[in-house]
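What follows draws every value from the coordinates through simple rules; no lab data is involved. Bear in mind the structure is a predicted one, so any value in this text is a computation, not a measurement. Neighbour counts run over all protein chains shown; Cβ positions are idealised from the backbone, glycine included.
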Amino acid sequence: MKLILISDTHAYHQHLQIPDGDVLIHAGDLTRIGELKDVVAFNDFLGTLPHPHKIVIAGNHDFCFERKPDEASPLLTNTIYLQDSEVTINGVKFYGSPWQPWFYDWAFNLRRGAEIREKWDLIPSDTGVLITHGPPFGYLDKTSRGDHAGCEELLKAITRIRPKLHVFGHIHEGYGVIEGQHTTFVNASICTLDYDPTNPPIEYNWSQGQ
Ligand SMILES: [Zn+2]
């Protein structure tokens, strides 16, 4: 099963060259400032892609999914939308969640510590692919100012659950891959720090029993 990983396209999806694969995953920030029209445009774009399975979560820019959930998520007709929820494809459990530690009063912000931990406690222990908008602490989470913006509580959850793959974005300048002992970490941000949509999608080959 070939997974194609993208994130943080911020309405620049039309610039992308997306490789073929079995599952296309978008880890949030599909819009600029969370407008419904950007969701419609992104969904239309998804409709042109051949991937048999598509999974999308929201990010901190995607306000409409937090403020108008009854209007926003039904617009995504060409993909599965996950929000603290799961889907199983070819026997693999994918779990998606948009929350991140408080970040300049954007969407899906929660306080570090107990408040955000409640969300990570919902992740099923048999999750194979975890999709969150924000990174875990210490993994591809370094900002241009040199701070680690990732979530400590999320790292604890990953250490416990050991998903084979963790896909996220949010910190554009953290784009890249780290092979951990139990988990491969992918920051799939397409946009750079300056919002140039120039980072290529990342491919991941899922093999059973690996
Ligand atoms: Zn972003």
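Could you please let me know if Leu49 is over 26 Å from Asp105 (Cβ atoms), of a type outside the set (Phe, Trp, Tyr), away from the ligand (no atom under 15 Å from the Cβ) and more than 18 Å from the chain's Cα centre (by Cα)? Even if it seems obvious, please write down each step before you answer.
Details: over 26 Å from Asp105 (Cβ atoms): yes; of a type outside the set (Phe, Trp, Tyr): yes; away from the ligand (no atom under 15 Å from the Cβ): yes; more than 18 Å from the chain's Cα centre (by Cα): yes.
Judged against the criteria, Leu49 is a match.
Looking at His170, His133, which is the one that is in contact with a Pro (Cβ under 7 Å, 6 or more places away or on another chain), surrounded by 24 or more Cβ atoms within 10 Å (Cβ to Cβ) and on the phi > 0 side of the Ramachandran plot? Full working, then the answer.
Values: His133 fails: on the phi > 0 side of the Ramachandran plot.
Among His170, His133, only His170 is in contact with a Pro (Cβ under 7 Å, 6 or more places away or on another chain), surrounded by 24 or more Cβ atoms within 10 Å (Cβ to Cβ) and on the phi > 0 side of the Ramachandran plot.
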Test: residue in the stretch 109-121 that is surrounded by fewer than 13 Cβ atoms within 10 Å (Cβ to Cβ), among the basic types (Lys, Arg), without any contact (Cβ under 8 Å) to a residue 12 or more places away in the chain and closer than 28 Å to Lys68 by Cβ: yes
Tabulated pairs, the stretch 3-26, first more than 21 Å from Gly174 (Cβ to Cβ), second among the acidic types (Asp, Glu) and more than 16 Å from the ligand (Cβ to nearest atom), C-beta under 8 angstrom, 6+ apart or interchain: Pro19/Glu203; Gly21/Glu203
Tally of residues being assigned to a loop (DSSP other than H, G, I, E, B), touching an Asp or Glu at 6+ places or on another chain (Cβ under 8 Å) and away from the ligand (no atom under 13 Å from the Cβ) across the stretch 20-46: 1
